[in-house]
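FYI, it's all coordinate maths here, none of it is from the lab. Keep in mind it's a predicted model, so treat the numbers as computed, not measured. In this analysis, Cβ positions are derived from the backbone assuming ideal geometry, glycine residues included, and neighbour counts consider all displayed protein chains.
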Amino acid sequence: MLQKDPCQKQACEIQKCLQANNYMESKCQAVIQELRKCCARYPKGRSPVCSGFEKEEEEKLTLKSTSK
């Protein structure tokens, strides 16, 4: 049986916020932060909606290691 994404609710809240604020990401930082917090609570790959944040973190780590 397919498990429910544990961070789906936060992802939906981001979409609602963006729609309500004419897609101005700066006005939705609080809900984006809530999704980041949710993603941090679960192992990598557990929440498909977190995959973008996981990729972002990997890219940051790669840039740090190549800039030394």
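Worth pointing out:
- Scanning the range 4-22 for residues that are under 22 Å from LYS55 (Cα atoms) and loosely packed, with under 11 Cβ neighbours inside 10 Å returns a single hit, LYS4.
- Of the residues SER47, SER65, SER26, the single one that is surrounded by 10 or more Cβ atoms within 10 Å (Cβ to Cβ) and of a type in the set (Gly, Ala, Ser) is SER47.
- Here is the figure for the range 50-62: residues that are over 16 Å from GLN33 (Cα atoms) and surrounded by 11 or more Cβ atoms within 10 Å (Cβ to Cβ) total 1.
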